[in-house]
Amino acid sequence: QVQLLESGGGLVQAGGSLSLSCAASGNILNINAMGWYRQAPGKQRELVATVTSDGITNYQDSVKGRFTISREYAKNTVYLQMNSLKPEDTAVYYCKADTVITKTGAGMDYWGKGTLVTVSS
């Protein structure tokens with residue numbers, strides 16, 4: 001059973017920084033892409049940033065230059081460094097692992113339970 005455990009959310013003032021981390025566990029042999037998504041109240045879940053197994057990153061336009069995604073492959077962990085935070089960044093942030101290959105051979109996607117980021121003005 002693959003599990004994603006997120007940490008690092010919290011309350012921060014506008015202009016501040018937060019760092020999120022997400023560790024995947026559970027007899028994992030390989031993960032394709034890992035990424036962060038967010039969902040604000042009353043809105044659909046949206047992509048924030050992703051990083052592939054080859055290290056290729058992709059960001060939502062609104063976070064480019066402020067957020068940095070990184071990945072520690074040996075630990076199946078992905079990070080999101082968020083700087084210059086704005087009130088509109090307030091959301092529940094979810095970690096996702098794409099096409100996870102385990103010792104059972106299945107290639108499924110997994111989501112974390114989410115961590116709340118609140119940016120006050």
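The values are calculated or read from the model by the stated rules, or taken from the named source; none is laboratory data. Keep in mind it's a predicted model, so treat the numbers as computed, not measured. Virtual Cβ from ideal backbone geometry, glycine too; neighbours counted across all protein chains shown. Please note that ligands, DNA and RNA were not included when accessible areas were found on the heavy atoms of the full protein model with its side chains. Shrake-Rupley method; radii C 1.70, N 1.55, O 1.52, S 1.80 Å.
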Could you list all residues from segment 62-120 that are within 25 Å of G42 (Cβ to Cβ) and β-branched (V, I, T)?
V63, T90, V92, T115, V117, T118, V119
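Only one residue in T52, T57 is surrounded by fewer than 19 Cβ atoms within 10 Å (Cβ to Cβ), in contact with a strand residue (DSSP E or B) (Cβ under 6 Å, 6 or more places away or on another chain) and of a type in the set (V, I, T). Which one?
Numbers: T52 fails: in contact with a strand residue (DSSP E or B) (Cβ under 6 Å, 6 or more places away or on another chain).
Going through T52, T57 in turn, just one is surrounded by fewer than 19 Cβ atoms within 10 Å (Cβ to Cβ), in contact with a strand residue (DSSP E or B) (Cβ under 6 Å, 6 or more places away or on another chain) and of a type in the set (V, I, T): T57.
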Taking first residues from segment 104-121 that are touching a residue at least 60 places away in the same chain (Cβ under 8 Å) and open to solvent by 50 Å² or more (accessible area, probe 1.4 Å) and second residues anywhere that are assigned to a loop (DSSP other than H, G, I, E, B) and not aromatic (F, W, Y), the pairs with Cβ under 7 Å that are 6 or more apart or on different chains are L116/G9; S121/A14
Which of the residues spanning segment 62-107 are on the phi > 0 side of the Ramachandran plot, of a type in the set (S, T, Y) and modelled with pLDDT under 95?
T99
Quick check: anything in segment 6-19 exposed (fewer than 15 other Cβ atoms within 10 Å of the Cβ) and within 17 Å of T99 (Cα to Cα)?
no
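Results for (1) within 18 Å of K113 (Cβ to Cβ); (2) not in a loop (DSSP other than H, G, I, E, B), shown as yes or no for each residue.
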position	(1), (2)
L4	yes, yes
V12	no, yes
L29	no, yes
R38	yes, yes
T50	no, yes
G55	no, no
V78	yes, yes
S84	no, no
D98	yes, yes
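Where residues in segment 103-121 are touching a Gly at 6+ places or on another chain (Cβ under 7 Å) and β-branched (V, I, T), which of them is farthest from G26 (Cα to Cα)?
So the first thing to find is which residues in segment 103-121 are touching a Gly at 6+ places or on another chain (Cβ under 7 Å), and the list is 115-117.
Still in the list and also β-branched (V, I, T): 115, 117.
Details: T115: 20, V117: 26 Å.
Ranking the candidates gives V117 first.
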